[in-house]
There are 4 protein chains.
Amino acid sequence: MPVRVRNIRKKKEKKMATKQDYLKETIQHIDIKQHNVVPFVDSMEKMAFSARDLNRAAKIFDNMLKDKDCTIFLTLAGSIFSAGLKKVVFDLINNNMVDAITSTGALIVDQDFFEALGYKHYIGTPFVDNNELRELAIDRIYDTYIDEDELRVCDETIGKIADSLEKRPYSSREFIYEMGRYLDNNGGPKVEDSVVYAAYKKNIPIFVPAFSDCSAGFGFVMHQTKFPGEHVSIDSAKDFLELTKIKIASKQSGIFMIGGGVPKNFTQDIVVAADLLEGSAEMHKYAIQITVADERDGALSGSTLKEACTWGKVQTSSEQMVYSEATIAMPLIAGYAYHKGSWKNRQGKEFQKLFSSEKIDA
Amino acid sequence: MPVRVRNIRKKKEKKMATKQDYLKETIQHIDIKQHNVVPFVDSMEKMAFSARDLNRAAKIFDNMLKDKDCTIFLTLAGSIFSAGLKKVVFDLINNNMVDAITSTGALIVDQDFFEALGYKHYIGTPFVDNNELRELAIDRIYDTYIDEDELRVCDETIGKIADSLEKRPYSSREFIYEMGRYLDNNGGPKVEDSVVYAAYKKNIPIFVPAFSDCSAGFGFVMHQTKFPGEHVSIDSAKDFLELTKIKIASKQSGIFMIGGGVPKNFTQDIVVAADLLEGSAEMHKYAIQITVADERDGALSGSTLKEACTWGKVQTSSEQMVYSEATIAMPLIAGYAYHKGSWKNRQGKEFQKLFSSEKIDA
Amino acid sequence: MPVRVRNIRKKKEKKMATKQDYLKETIQHIDIKQHNVVPFVDSMEKMAFSARDLNRAAKIFDNMLKDKDCTIFLTLAGSIFSAGLKKVVFDLINNNMVDAITSTGALIVDQDFFEALGYKHYIGTPFVDNNELRELAIDRIYDTYIDEDELRVCDETIGKIADSLEKRPYSSREFIYEMGRYLDNNGGPKVEDSVVYAAYKKNIPIFVPAFSDCSAGFGFVMHQTKFPGEHVSIDSAKDFLELTKIKIASKQSGIFMIGGGVPKNFTQDIVVAADLLEGSAEMHKYAIQITVADERDGALSGSTLKEACTWGKVQTSSEQMVYSEATIAMPLIAGYAYHKGSWKNRQGKEFQKLFSSEKIDA
Amino acid sequence: MPVRVRNIRKKKEKKMATKQDYLKETIQHIDIKQHNVVPFVDSMEKMAFSARDLNRAAKIFDNMLKDKDCTIFLTLAGSIFSAGLKKVVFDLINNNMVDAITSTGALIVDQDFFEALGYKHYIGTPFVDNNELRELAIDRIYDTYIDEDELRVCDETIGKIADSLEKRPYSSREFIYEMGRYLDNNGGPKVEDSVVYAAYKKNIPIFVPAFSDCSAGFGFVMHQTKFPGEHVSIDSAKDFLELTKIKIASKQSGIFMIGGGVPKNFTQDIVVAADLLEGSAEMHKYAIQITVADERDGALSGSTLKEACTWGKVQTSSEQMVYSEATIAMPLIAGYAYHKGSWKNRQGKEFQKLFSSEKIDA
């Protein structure tokens, strides 16, 4: 591995910095339960710009929670778990504030499962010698550091789980359920706020439509190389069908989107898929998105929810985009809804059970 | 509410708008072969800001083409084909200026294959009544319109192709190859600049790591519902393994990224995957990206190529990000390299053949 | 006035909307004193991205307040008063948390003085018929409405104040002081949170380097047309000299910047001016900025504080940019510092008195 | 802290860097006359997103030039002259493609006049040790360097010009005219593409509403300190009145805006000022803006031209915003209009003469 080899050579020359010099302080996840932001967010109602938008989004989320018929989809993109927002999602799961999750792979595998295995994210800075980080096998996400060696253990664990399963196509949901089971069978997660584990326990399905685009991809590359004939595969079409079935099983639906990307599009598209399968489907009745993406490049992440209406995906009456980086806006919106308490009258929908007659617990 | 009243009155007065009122003028793809932008781009060399960055990116792309050992990966995100950039990619393919493509599904299926079936994108505007568009089944992408009914034919065609294939897991590359074959077997594409068809003919593999996140997803939902037992599935892990094999088969590599998203990350990750499989891998030697995404939200799309260096994915000596919306910068960069002509001494690498002993042409 | 005339004609045709249909709900200013955000902001310390940056900026502002030697400059840009942030600045003034203010004219005249005259800003939406607004003489700032007729009264009041003064060049500071005196002499402001009036009472100078670029400009156009010979003029060079004198009179200094623009640059430049006059000057020791402006276009608003260091304006040890729209970040940063209470040990510096021997109270 | 240690060692090893190590390659201004971009820009007409917007903006600019009644206002913000766009503005002036200019001070004084005195801007990089730059008295604008010592000569020259003038309030236009005269009286500018000098010769007025917010501010601080009693002052209200008079003297008007800021607002506001003075005024008939500023923070720079319509400033029929950094879009738009040649039938309006009966040539 020349990358590593090169490191070692340089280290000899000049008394290199060590990993310990960089990996000192760990990221701590914010706990929305500790902060009653309701009065603060309420005070934004009659302001303007992003504050007023944030207030409206928070109220729409609360309305989703009040609406008994509403299935709540949460979509996640951006490196928000390494940034300290993991416990927010954990609390949404544990308090029946979300019914299904669509995410990027990095969040679920490289960040949540990674921490469940006992590893940490570290406080860093973007103003740094990137080549030195590479030589030390420290990966950087803007202002956060990760120990690449620990990430490789995560990759390998995915490979081991794949090795242990019946060889057939799985939806990402099924596989992520198996990751939860793996944690359960191995003494539980090493942290108390594991999203994968909490979702496993609460029967909340997690979908990662581009599942190989993360640490899981490395695990699967190893698995499929080891088992070139029959092996575990990840069927992203099955993901789409399963998520559509959840939509079909729901009277109403709402989406809470953090960032855009594939999770946003995928979860909006199920309205159209439900329409194809059933000959009719309700648009998402509620939709909120936190994003800094610009609308003007025509890309999906910044495309407005009003645009989504033309596609028949989202109703325009209860939609709100919030122009903010997620680490600031998400604790305010999720915290607002948490402390309003409408979730207390809400039952978990346990959509995982929708699929249990199929393969999972067979 | 007078605004509303007026609407109603208008509808009565002038009859509901029809599709034909909106779908009038079609998008025309820019032809870089017609515009020698070399002197113009050269004049940006000693300017500052994005102009200088664009000049440097164009020269790096030209350097990739001069470097015989360099495999060129093109990654595509954003709605750039509906925006008139499809022929640019077609010309890159036809002139041996790219060896493998990673893309979002929308570009390959909803936009390129869609046009190959004879459908068009239409010039529109974001300042429009979105609900009226929805009622007319017109989908909007910022300032561009699509006939949803035509898109559904595209969905169904994907379903039909799936129905016709051997029931097993496919990489997206395999399936997209079958889409090319379908066009071939059905009189060829209805347009002269089909990316899917040109890649099929030139043996250039196309990967879509989130393949169900587009029109293809709808086709597969129909296919898998029709064939609930054995059916075609899309194995995104196989995609990752195959793309890694292309990296392993290459002495050097470079990436030309339009936008970010899954295609960007996926194609950078193969360096690490190759390292895992082979115990050694060269970082991408060249890397350029056109994007308007901001770095400060920590998300992948705007993450700098210098950050990618810490992950061991990209060398810092020949990387350049260009802060521009793609419809302006891509014709300048691709056009510059086209008119410099370094591609004339370059052979197509035909990486499709790397996999032909496996399943494709069996 | 054809603009108005046109309105009237259309009104007859079709029962137009009226002003009252649009101008219903008024903007309410957030009161940071009501929200102890300290625990919430503290919880951001070990997160990443904007949350961590915001935490650090809040602590730097608190450090400015703890540092007895530090003069605090506040710079204001963007339509933040019409957006509900006026009382935040009012509270900073009243609690000795700021010593001098540099602002755009719109904030001080069109928004603060305007409200002091008894007028309001109204909650609106960007999704509106702009031509109808124009016909109704309603001005729009993104999602906020203003009654243009009321704004014209504001213009005229400025003209009247100018008419009443000794005919000579004034710094904007002098003139804004006269605006405070005008309010005092006319029964006080019609609102309790007037920034102009509070600064007048607390002897805090306010500078508007581009003073004619706002409602004041209209007032002066009328004044100078009425008095073509000798008249009041606004000497922006005098502004710069006066602000520099405040810097020279300060042992240390810090800047809290909301947005960029002229106020940001102007207030940074006084370090260089002090250096010219005194042969030596301390850089601003503390500097924080809230902005969404991008760095990559090379413009001043998004230029980093690290770049400002090369100009000798800002030290790099205590600077922090926060990537956020101001209505969200400013209440958190200002509220944090307010509830930390370091300002309680702080005296107002009353820099207005630095100039009183000159012209003001003569 | 090994990073720091290495620095120190490096300094010892290789001597402190010198200015000459950084100030090597000079910025070269692009020459639109050399590049016929008409076919390229025409090919963007039926694309989407920024390309189509750019095409439309270019055609609107050409329409301004065809419209004999139209006075063309150019507004300039951002560091575009140091970035290589100075000659574009020079060519617009010399070919009667612009009638009045409103600008930031930095562009006119620190960048154009500075180069007219014989100094240069240098190619740099944002990835640099900012403290080292400061120690070497090198100022950085993103990726461009300036010799601070040379800039101080520019400051002093302004001071000298002020010293030499009759002591009274001047509009910035008057003073900038005197800067042109200074160049004329001192052997002409040291470069062939001086904007200040070309405008002086062509009788095109240049306004800088925040004139002390730049190198000129330093000159005036020195001048007014030297002459504490009677001195030259800069009356920004006079600027506004004069620019309004140009509007009043014009049948129609159009604005070509590069960036936003004070120049954008100031030049839009003259419609309202003209309305105040004359009881009637035409809105700007044409308006185009190149900017990357976002609309969602409510600030002026990114505010849409449709919003400007509500203020009665801009007609909505011929307005277009282009979302692009200026170094790419401005040469395409200005170059398109140059090579279309409509300016050949256009006379310079020489608005400088409108004021010559007043003070200038007295």
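Summary of computed values
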read-out: Shielding by other protein chains, D:129-141, mean Cβ within 10 Å; value: 5
read-out: Check: segment B:199-272 dipole with +1 on Lys, Arg Cβ and -1 on Asp, Glu Cβ, in debye; value: 360 debye
read-out: Sequence of B:Ile206, D:Ile161 once ranked by neighbouring C-beta atoms within 10 Å, starting from the fewest; value: D:Ile161, B:Ile206
read-out: 12 Å beta-carbon shell around A:Leu243, net charge (K/R +1, D/E -1); value: -1
read-out: Computed [θ] at 222 nm, deg cm²/dmol, chain C (DSSP H ≥ 4; -39,500 (n - 2.57); rounded to nearest 500); value: -13500 deg cm²/dmol
read-out: Debye, to nearest 20: dipole size of segment C:229-362, +1 on Lys, Arg Cβ, -1 on Asp, Glu Cβ; value: 660 debye
read-out: Proxy reagent accessibility, fewest Cβ within 10 Å first, across B:Lys340, C:Lys66; value: C:Lys66, B:Lys340
read-out: Within 10 Å of each Cβ in D:276-286, the average number of Cβ atoms from other chains; value: 3
read-out: Given charges at Cβ of Lys, Arg, Asp, Glu: segment D:170-328 dipole, positive-most of D:Phe256, D:Phe220, D:Ser324; value: D:Phe256
read-out: Label spacing, shortest first and in nm, from B:Glu135 to its equivalents in the remaining copies (7 angstrom along Cα→Cβ); value: 2.1, 6.7, 7.1
read-out: Other protein chain Cβ atoms within 10 Å, averaged over every residue that makes up A:95-107; value: 1
read-out: Gyration tensor (Cα) of the protein assembly as shown, equivalent ellipsoid semi-axes in angstrom; value: 51, 34, 33
read-out: Sites matching trypsin sites (Lys or Arg not before Pro) across segment A:180-268 that sit in DSSP coil, with at most 16 neighbouring C-beta atoms within 10 Å; value: A:Lys190, A:Lys251
read-out: Global form of segment B:103-220, assessed from the alpha-carbon gyration tensor, a/c cut-off 1.5; value: prolate
read-out: Antiparallel DSSP beta bridges within chain D, as percent of all bridges there, nearest 5; value: 20 percent
read-out: Packing-based ranking, highest mean first, of C:129-140, B:282-293 given that Cβ atoms within 10 Å are counted; value: B:282-293, C:129-140
read-out: Residue order, fewest to most surrounding Cβ atoms within 10 angstrom, among A:Ser250, A:Ser50; value: A:Ser250, A:Ser50
read-out: Centre separation in Å (Cα based) which lies between segment B:84-157 and segment D:118-135; value: 45 Å
read-out: Summed residue charge, Cβ within 10 Å of C:Phe90's Cβ, Lys/Arg positive, Asp/Glu negative; value: -3
read-out: For A:Lys167, label point 7 Å along C-beta direction: distances to other copies, nm; value: 2.0, 9.7, 9.9
read-out: Hydrodynamic radius by Kirkwood, which averages 1/r over all alpha carbon pairs of segment C:286-333, in angstrom; value: 11.2 Å
read-out: Inter-copy spacing of D:Phe227 label points, which lie 7 Å from Cα along Cα→Cβ, given in nm from shortest upward; value: 2.2, 8.9, 9.0
read-out: Chain C: C-alpha gyration tensor shape, a/c 1.5 cut-off, then a/b vs b/c; value: oblate
read-out: Rotationally averaged projected area of segment C:257-362 (alpha carbon convex hull; nm²); value: 8.9 nm²
read-out: Mean-position separation - Cα centroids, segment D:274-296 and segment D:303-362, in angstrom; value: 11 Å
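Bear in mind these aren't lab numbers, they're just calculated from the coordinates by the rules spelled out. Please read these numbers as outputs of a predicted model, since none were measured by experiment. Cβ atoms come from the backbone with ideal geometry, glycine included; neighbour counts cover every protein chain shown.
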